[in-house]
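Comments concern the structure below.
The values are calculated or read from the model by the stated rules, or taken from the named source; none is laboratory data. Everything quoted here is computed from the prediction, not taken from an experiment. Neighbour counts run over all protein chains shown; Cβ positions are idealised from the backbone, glycine included. To get the accessible areas, we keep the full protein, side chains included, count just its heavy atoms, and leave off ligands, DNA and RNA. Shrake-Rupley method; radii C 1.70, N 1.55, O 1.52, S 1.80 Å.
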Amino acid sequence: MRPLARVLLLAMGCSVMLATSMARPYTPSYITYPVQLPGGGAEILEFFVRGDSGTRFASNSYVRTWSRSGRLVGLLSPTPPPAEEFSRLSPSASYVVGEQLGSLGTVAFVLFAPQDELFDDKERGQPSFLPEPGAAFLTLYAPDGPVEAELGFGIGAMQFRCNCRVEADARSVYRWPESPPQGATQDGGGN
């Protein structure tokens, strides 16, 4: 019986070693987009997350603010909100996740600085930031004061989960209030 137990243990050990050596490790790589907002300011970001194989996959992203205080409100919409809608944003309003703010979009998150939030569709109990891979618009709003933040996409985790190539990117579409170009005076003239 002893030789049989040894053979079984050896076979189990070899199968575990083989399974772990064949598992594809992933490196946790992120694509990040930094944002600096003045108090009462907002910025619209257009971002996309997509895979090359057409395979559905769970998205993995985060929003982080390392400012000392203040709120960061994220509004998600499928189309860019019109610039005139920014006048509807109010510093005294209490923003609630899931609340619809007209054409500005739906409140996706409210962070109280310093804080970060992970949006991982694979983890239980985590909110979904981007329900379907694709393109969307995110308005970041700092109602209480200046806020520095970062939007990040966990490319390594998404690629590992779908066994496909995943792309993600973000770009600024509009800042409110619009600031004059550097070196220009308020009336638009240069030095």
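Just to verify a number: FRET efficiency for Asp169 and Ser94, C-beta to C-beta distance, R0 = 30 Å, to 0.05?
0.40
Ordering Thr139, Thr106 by how much accessible area each has at a 1.4 Å probe, largest first, what is the list?
Reading off the accessible areas and sorting them downward yields Thr106, Thr139.
Please list, in order along the range 42-50, the HN-Hα scalar couplings obtained from phi with the Karplus expression 6.51 cos²θ - 1.76 cosθ + 1.60 (θ = phi - 60°), rounded to whole Hz, x for Gly and Pro.
9, 9, 9, 10, 9, 9, 9, 9, 8
Taking a ≥ b ≥ c as the square roots of the eigenvalues of the Cα gyration tensor of the range 27-115, is the shape rounded (a/c under 1.5), prolate (a/b larger than b/c) or oblate?
oblate
Which listed residue (Val63, Ser90, Pro78) has the Cα farthest towards the positive end of the charge dipole for the range 45-113, taking +1 on Lys and Arg C-beta and -1 on Asp and Glu C-beta about the Cα centre?
Val63
Given the whole protein assembly as supplied and a 1.4 Å probe, what does the accessible area of Ile31 come to in Å², nearest 10?
About 60 Å², rounded to the nearest 10.
Report the accessible area of Arg50, computed with a 1.4 Å probe over the heavy atoms of all protein chains in place, in Å² rounded to the nearest 10.
Here the residue's solvent-accessible area equals roughly 120 Å².
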